[in-house]
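One structure is given below, encoded as structure tokens.
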Ligand code: ASP
Ligand code: MG
């Protein structure tokens, strides 16, 4: 079985949904199909939420009305029969009544907000499933809320997902197409929750891992993972093959095409991930698997909104345990560290979650000297094969960006990654200069 996931733009127009129907049924093979919300829906639902948090129910209501109007016209174009349209309208009626009830809930809390933002996927999947029924496809819905579960640290519980998913599929196992919601899940309290923005990719990978799929396909609106950010750099090209490790680095360090956690479940279970383009289904896309190719420099990605902290202590000189104390503080505040560089008496680290920055700085100051953190930094990550016995790679990279000030460099942590930290104002120049010098 394969798992195919379609993103917001791939389901965002009635004609796209219709072409997806063709795509998923063309080879006659069974599939689990994971859908995102229609493009824009999640943002609108969050914006309705913002109005409610600001206690502006009238504003929330008018945003909800506009969203509903969008769905109303969508349905008219999607369905081909009055019966199909009637089913679609019943779905809209039910879910928008629920939105109304959330709008009327006082106080409006995080619990309601999570129920609100889940509606994008609940709507898209039901609308699509009703369309498949209208078209006579042998399909069914698998409610993600019945099997996608996370723990108190927001981590998916793989063993439970496997068990619950198998139980959800068992009674309908003769179906050919199984439609399910990306992004949404249940937390340990049994409440509706989610896998963070862009989480539908992660859903697909978790399902692919759970059923030990033959392949996971992520369908978006670009022909695979590119060698550089196509929004910033001209003449980028899709990379045909990446190893799990390389793809994970790129996804984590800013390649917007994939949710950063997507690769992990696929990698653990050895399930290949293929990135495909809905607008150009015959394009090869990118295949991510165990296998790596020998290409030296494969791709560049950039991660924004990074803060660098400079920690200095003469006590670090010839001492052990210093780094442990430093990292214990980041652990205490559940703040991941991305990049590290060290000298004998100082260390620089970067973080992208700054909610606890002040507390972290306060505790670090108890045993080290700090400077004001450098905000608005960007990690530029160069991915490829940088085996330790290979010469000349660092010079290529550094030569390419010789005109750009660099705050940190990390080389040698993995054979697949060189990371540079630069100020955000140099990001575009750095990406372009690297593209010129390396490809
Ligand atoms: N609809 C969610 C979002 O916009 C999840 C996804 O599309 O992957 O973030
Ligand atoms: Mg996405």
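The values are calculated or read from the model by the stated rules, or taken from the named source; none is laboratory data. Treat the numbers as computed from the prediction; the structure is a model and nothing was measured. Here the Cβ positions follow ideal geometry from the backbone for every residue, glycine too, while neighbour counts run over all protein chains shown.
Residue pairs whose Cβ atoms lie under 6 Å apart, sitting 6 or more positions apart in sequence or on different chains, and linking a residue in the range 33-44 that is under 22 Å from residue 176 (Cβ atoms) to a partner that is near ligand 1 (Cβ under 8 Å from one of its atoms) and in a loop (DSSP other than H, G, I, E, B), are 34/182; 36/7; 36/182.
When residue 399 is evaluated against the numbered criteria (1) touching a residue at least 40 places away in the same chain (Cβ under 8 Å); (2) out of contact with any strand residue (DSSP E or B) (no Cβ under 6 Å at 6 or more places or on another chain), which criterion, by number, is the only one it fails? Condition not satisfied by residue 399: (1).
For the range 173-228, a residue qualifies if it is within 16 Å of ligand 2 (Cβ to nearest atom) and part of a loop (DSSP other than H, G, I, E, B), and the qualifying residues are 182, 183, 195, 196, 197, 198, 199, 221, 222, 223, 224, 225. Taking the criterion of being away from ligand 1 (no atom under 12 Å from the Cβ) and closer than 21 Å to residue 39 by Cα, the residues of the range 193-218 that qualify are 193, 217.
For the range 228-242, the criterion of being free of Cβ contacts under 8 Å to residues at least 40 places away in the same chain, surrounded by fewer than 21 Cβ atoms within 10 Å (Cβ to Cβ) and closer than 25 Å to residue 29 by Cβ is satisfied by no residue at all.
Screening residue 148 on (1) out of contact with any strand residue (DSSP E or B) (no Cβ under 8 Å at 6 or more places or on another chain); (2) more than 19 Å from residue 23 (Cβ to Cβ) shows it passes everything except condition (1). Helices (runs of 4 or more DSSP H) fully within the range 1-117 that include at least 2 residues being out of contact with any helix residue (DSSP H, G or I) (no Cβ under 8 Å at 6 or more places or on another chain): 14-25, 41-53, 57-78, 82-103. On inspection, residue 154 qualifies as closer than 23 Å to residue 257 by Cβ, away from ligand 2 (no atom under 16 Å from the Cβ) and out of contact with any helix residue (DSSP H, G or I) (no Cβ under 6 Å at 6 or more places or on another chain). If the condition is being at pLDDT below 95 and crowded, with 18+ Cβ neighbours inside 10 Å, then the range 365-380 contributes only 368. Annotation: residue 101 fulfils all but one of (1) surrounded by 13 or more Cβ atoms within 10 Å (Cβ to Cβ); (2) over 25 Å from residue 222 (Cβ atoms); the unmet one is (1). Checked against the criterion of being modelled with pLDDT of 95 or more and surrounded by fewer than 16 Cβ atoms within 10 Å (Cβ to Cβ), the candidates 130, 189 yield just one match: 189. Could you tell me whether the range 151-162 includes any residue that is more than 15 Å from ligand 1 (Cβ to nearest atom), outside any loop (DSSP other than H, G, I, E, B) and closer than 23 Å to residue 276 by Cα? No: zero hits.
Within the set 299, 248, 308, 266, the sole residue that is out of contact with any strand residue (DSSP E or B) (no Cβ under 8 Å at 6 or more places or on another chain) and crowded, with 18+ Cβ neighbours inside 10 Å turns out to be 248. Can you find a residue in the range 251-274 that is more than 16 Å from ligand 2 (Cβ to nearest atom), modelled with pLDDT of 95 or more and in a strand (DSSP E or B)? Looking through the range 251-274, none of the residues is more than 16 Å from ligand 2 (Cβ to nearest atom), modelled with pLDDT of 95 or more and in a strand (DSSP E or B).
Just a yes or no: is a residue in the range 79-94 within 16 Å of ligand 1 (Cβ to nearest atom) and modelled with pLDDT of 95 or more? Looking through the range 79-94, none of the residues is within 16 Å of ligand 1 (Cβ to nearest atom) and modelled with pLDDT of 95 or more. Out of all the residues in the range 19-44, which are away from ligand 2 (no atom under 16 Å from the Cβ) and under 27 Å from residue 108 (Cα atoms)? Across the range 19-44, the qualifying residue is only 44. Does residue 429 satisfy the criteria of being touching a strand residue (DSSP E or B) at 6+ places or on another chain (Cβ under 8 Å), closer than 19 Å to residue 229 by Cβ and modelled with pLDDT of 95 or more? No, not satisfied.
Residues that are part of a helix (DSSP H, G or I) and surrounded by 11 or more Cβ atoms within 10 Å (Cβ to Cβ) were ranked within the range 313-327; the one that is modelled with the lowest pLDDT is 316.
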